[in-house]
1. Could you figure out which of (1) free of Cβ contacts under 8 Å to residues at least 60 places away in the same chain; (2) in a strand (DSSP E or B) isn't true of G227?
2. So which of A184, A168 ends up being in a loop (DSSP other than H, G, I, E, B), surrounded by fewer than 21 Cβ atoms within 10 Å (Cβ to Cβ) and in contact with a Lys or Arg (Cβ under 6 Å, 6 or more places away or on another chain)?
3. Of the residues A524, A598, only one is modelled with pLDDT under 75, open to solvent by 10 Å² or more (accessible area, probe 1.4 Å), part of a strand (DSSP E or B) and of a type in the set (A, V, I, L, M); which?
4. For the stretch 37-55, which positions are open to solvent by 40 Å² or more (accessible area, probe 1.4 Å), in a strand (DSSP E or B) and either touching a Gly at 6+ places or on another chain (Cβ under 9 Å) or more than 17 Å from G103 (Cβ to Cβ) (or both)?
5. Residue by residue through the stretch 162-192, note down the ones that are β-branched (V, I, T) and either under 19 Å from D241 (Cα atoms) or touching a strand residue (DSSP E or B) at 6+ places or on another chain (Cβ under 6 Å) (or both).
6. If we keep just the residues of the stretch 238-262 that are farther than 22 Å from S335 by Cβ and surrounded by fewer than 18 Cβ atoms within 10 Å (Cβ to Cβ), which is modelled with the highest pLDDT?
7. Quick one: is D265 open to solvent by 40 Å² or more (accessible area, probe 1.4 Å), of a type outside the set (A, V, I, L, M, F, W, C) and under 15 Å from the mean Cα position of the chain (by Cα)?
8. Determine which member of the set I425, I410, I449 is modelled with pLDDT of 75 or more and touching a Phe, Trp or Tyr at 6+ places or on another chain (Cβ under 9 Å).
Amino acid sequence: MKKMNYEANRCIKLSAICMVCAVMSGSALQPDDIEGLALWLDAADLNTLTVDSTGRVSAWADKANGTADSMTMTTADNQPLAAAVFLNGFNVLQFDGNDWFEGNAFLTEGDDDYTYIALWRSYKTSGAQVVLEQGSGDDQRASMLLVNSAYGFNGQGNDKHNLVPFTANTWHLALMEVANSWPANISIYDNDDFYLGSTSKPENLHIGTQGSRVAAKVQNNAENFLGEIAEIIVYDRLISDTHRNAVQHYLSQKWGLALENEVCDEIIDFEHGVVPDGWQATGVFTNQPVSSTRQNFNKHGGFLLDSYSGQTNGIDFGVGNAPTGELSSATFVLSNNTVRARLGGGHLGASVQFQLQRLNENLNWEVVRRSTGTSDNFMRELVWNTHNLIGETVRFHMLDKADISLGLVILDYIRLLDYPLRREIITDFSGNEFAPGIYPECKVNSVDIGLTGNGSAYMEFSVTNYSYDAWILHDKAPKILISTVSDDNFELSTRICSRSLSNYKSQAGLGLYFEKTTGVDEYAFDPVMFGAYKDQEIRLEWPALDLRQGITFDYTITNVYLRIKRSNDKFSFQYSEEGEEWITLVEQEYPDAVLINAGLFSKRWNSTPAATQRVEFDSLSYLATPKIPGTIILVR
């Protein structure tokens, strides 16, 4: 499988107009590695531009088909300008509202499915502005068109050009898919956001071949673009989620865009209402995926898998908690060390789960990774470390056997990728950012996790109905987790540097969350809390072992350092005033863990009066000495 990374060497070449020359090298994925490339205009590649001594560009060569299919403009007053604006050190073309290029059709007449990709920045939010189009008259136009402060698809009377809002003077990486066989036939990925819509008569669209334009309308050369265009890519088909991700990452890295795009070798995103070939469903999963809008699920794109909802002819309906079913992916050989997904739903143990299964030596499916939701419908980021499963035959499996409240599982945006396997994470948050993989300003179980701006991280949540047993029984404590490899020996430490509302019953510090197998498809989850307790103790709580032990410590005066050390099956819980001389409170053997999550937590179980609990941490350190190297950071 091709690795989707981008490498670039740059050199400055002085010519009559002092332009930037971009040289792509190494194993970088290029747009022409993806089948179906119909047009590729790249302003960073100066070899594709015909420029006069004033910087006017009369031709822009198509890298997909060669100079024979160049976009051209022979009238000097209508030629865009090169070398006037640069993005990430690369040349872009500047259009003054009267400039455009014209060319031949790049798509076949009547094409129903195609993909437009463009990186552009408009100077205004008024009037109509074409970025790219091909076609002719009514229903035969295919234009990426801006109209006032929104943009989308225009088919000349068969439109959805109000789909995506935009602001002037902002770069937009726009990937527009047109698929007239879909109920919602227009989808646009705009930077990190996704938009889905329909034209008025999808069945009537039939692209014409009168010609093509950049920054103007084919029929009358009007609707000119005012702003800058860096790159345009067109495919004569819909490209896969994985290829879409690769092109977005290529453009994001090349042009220095601050997008959340990550390099993935495989993406399963369920967009446009389909599951991949080879997936097998029973029960409630038969009519999946759905584009449910009953709640904000934190879904990625338009569709997701949801065992609470169903779908008929593209229309969603709620079927409730009662229906059950299972869904299995096609089998594949795992080649990545990390699986990520968005997961929500009930926290009901073995009855509702998302699983990774491997085909074992007896040709039976064995569960090797499993996760559940956190008893609500909001999907949170899931990360599985799978480096010890590389080369195994595996499949994904969704399971809903529960017909009670929150008997549901919700899933979206599965990614297979490779992370560097980290042995050491140390941060004092002084750089105003979390360690890799810990996301600032996010919601975790309705808890804000963020940065103070003065070198600390914080957890903050409103206390209304939390009880002491909530975390013990239902895993609802807010936390940042490090999912360790089961064979890792590690040390995890932090300093609690300030607390608010310390006169109420509260506890904060380090936590462990053990998972162990108790039988076939049966799992137990043992939480451990070790931290500052009621402003009067350092305390260890391990309910599964009926272990509760504390020592008096007034940390309203002195900051407290906490550390958990694991050495094989022995766990040591230690504290310190200065973070140098450590005192062991408890040592405990625990050989039964299959998976160990370690991290920070903060909780308050006295809900009266309703108030906000806030605890600040700094000097977070995680050191691992793995038998099998590697840890993955996650927020859960």
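The values are calculated or read from the model by the stated rules, or taken from the named source; none is laboratory data. If you're wondering where the values come from, they're calculated on a predicted model, not measured in any experiment. Counting neighbours? That spans all protein chains shown, and the Cβs are built from the backbone with ideal geometry, glycine included. In case anyone asks, the SASA skips ligands and DNA or RNA and just uses the protein heavy atoms, side chains included. Shrake-Rupley method; radii C 1.70, N 1.55, O 1.52, S 1.80 Å.
1. (1)
2. A168 is the lone residue from the list that is in a loop (DSSP other than H, G, I, E, B), surrounded by fewer than 21 Cβ atoms within 10 Å (Cβ to Cβ) and in contact with a Lys or Arg (Cβ under 6 Å, 6 or more places away or on another chain).
3. A524
4. V51
5. V164, V178, I186, I188
6. It comes out as G256.
7. no
8. Sole residue among the options that is modelled with pLDDT of 75 or more and touching a Phe, Trp or Tyr at 6+ places or on another chain (Cβ under 9 Å): I410.
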